[in-house]
Amino acid sequence: MTDLKIHGEALPNIPWQERPAGNQDALWRYSENPVVPARAIPASTYIHNSAVIPFQGAFAGVFRIDNRARRMQLHAGRSDDGLTWRIDEAPIHFRCEDPEIGAFRYGYDPRLVRIDGRTYVIWCNGYHGPTIGLGYTDDFESFYQLENALLPFNRNGVLFPRKIRERYVLLSRPSDNGHTPFGEIYLSHSPDLIHWGKHRHVMSPIREENGWQSTKIGAGPAPIETSEGWLLIYHGVVTTCNGFVYSAGAVLLDLDEPWKVIARADPYLLTPSTTYECVGNVPNVIFPCGALLDAPSGRLALYYGSADTVVSVAFGRVHEIVDFVRDNARRD
Ligand code: BMA
């Protein structure tokens, strides 16, 4: 789709590698994956589902680190090229007005979204079980925590990158307190990032087919605004006789009423098939949490946790991914 309009900033220094000869997939893997090894800092056992964003002409990120007690922590990191990362030794300390909320037990699976110049962190926050933690930073040094957006149990929260009809909009995935065997994507509205309501159902797993998104689904990085709708990359899970398998897929959501699905691709974008996706702490996991976009060219770098062990990158072009969704859309 050559006349597709993609909203966003120019990012001429986006990490990038052209599609390999003979590859016809909408996304292709970086040849040097993984980009963050499990033991990138002495305190880590694994580093995986993590988010990145352009920052001061280079890049910054929030990384999920399972520490040497296997406690899930968030650490800040920086990079000149988006591929080689320096990750802080100490976990992020979120300043919070209410110590009851601030003293979270664990934090994992962060997303990063810039809205009106401020960088928001959305993560799965341990508060009597997993729920949606929300905070912000302007410098990746000081972090501030807001109220939890939703009640436990909930995971996979991510904000849209702008207000829609004067409301902040949040995707989430209500869950249970364990390795949830279900999960649908919902959307909530807020005037102030504190009070959330007007909850809407977005989409369900496709249970009857036993395909890649039959058990549960959850939003990935912040949706990308295009003239064809919001492009959302999400994860889908199938239950096999060896357990859950996590893949990445894509859907287009309505621009003004983003709980309405315009087109949902039937095939996955990426499913575990390399050694670093199939072997590790939790085998067979592709878990997208972050993306960089160069809007003028449509080049996209997708960051995903692999096998709950390392961080990997895949590349694609937004107009080709939109075509992929449209050309392969489910008819239900
Ligand atoms: C989910 C989350 C993710 C993890 C995935 C696979 O429930 O906990 O952090 O990557 O399971 O283990």
Open item on the list: Just to be sure I follow the definition: excluding the sites themselves, where is the longest run in the chain that has none of the GluC sites (Glu not before Pro) in a DSSP loop with at most 13 other Cβ atoms within 10 Å?
Closed with: 167-332
Open item on the list: Using a 7 Å offset from Cα along Cα-Cβ at N13, what residues in the stretch 55-71 end up with backbone N under 18 Å from the label point?
Closed with: 55-62
Task: If the convex hull is drawn through the Cα atoms of the stretch 26-125, its volume per residue in Å³ - done: 127
Open item on the list: Semi-axes of the equivalent ellipsoid for the chain, please: Cα gyration tensor eigenvalues, times 5, square-rooted, ordered largest first, whole Å.
Closed with: 26, 23, 21
Task: Highest-MSF residue in the chain out of D109, D66, D98 [GNM, Cα springs under 10 Å] - done: D98
Open item on the list: How much length would be gained if the chain were fully extended between H199 and E97, taking 0.36 nm per residue of separation minus their Cα-Cα distance, in nm to one decimal?
Closed with: 34.1 nm
Open item on the list: Need one number: the % of Cα-Cα pairs in the stretch 94-229 sitting beyond the 21 Å mark.
Closed with: 41
Task: Net lengthening on full extension, I262/C241 (0.36 nm per residue, minus Cα-Cα) - done: 4.3 nm
Task: Probe 1.4 Å, protein heavy atoms only - accessible area per residue of the chain in square angstrom - done: 41
Task: Surrounding net charge for G316, when Lys and Arg each add one and Asp and Glu each subtract one, Cβ distance under 13 Å - done: -1
TODO: Considering the convex hull of the alpha carbon atoms of the stretch 90-133, report its projected area averaged over all viewing directions, in nm², one decimal.
DONE: 3.6
TODO: For the chain, give the percent of accessible area contributed by carbon and sulfur heavy atoms, probe 1.4 Å, rounded to a whole number.
DONE: 48
Task: Accessible area in the full protein assembly, largest first, 1.4 Å probe, for K5, K216 - done: K5, K216
- [ ] Under 15 Å from the Cβ of V35, count the other residues' Cβ atoms, weight Lys and Arg +1, Asp and Glu -1, and hand me the total.
- [x] +1
TODO: Choose one answer from N23, N125, N33: the residue with the largest mean-square fluctuation in a GNM of the chain with alpha-carbon springs under 10 Å.
DONE: N23
Task: Residues in the stretch 188-215 reached by a label modelled at K163 [backbone nitrogen below 11 Å; 7 Å Cα→Cβ] - done: 190-193
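The values are calculated or read from the model by the stated rules, or taken from the named source; none is laboratory data. This is a predicted model, so every value here is computed, not measured. Using ideal geometry, Cβ is built from the backbone for each residue, glycine included, and neighbour counts are taken over all protein chains shown. The area values use the complete protein model at the heavy-atom level, side chains included, leaving out ligands, DNA and RNA. Shrake-Rupley method; radii C 1.70, N 1.55, O 1.52, S 1.80 Å.
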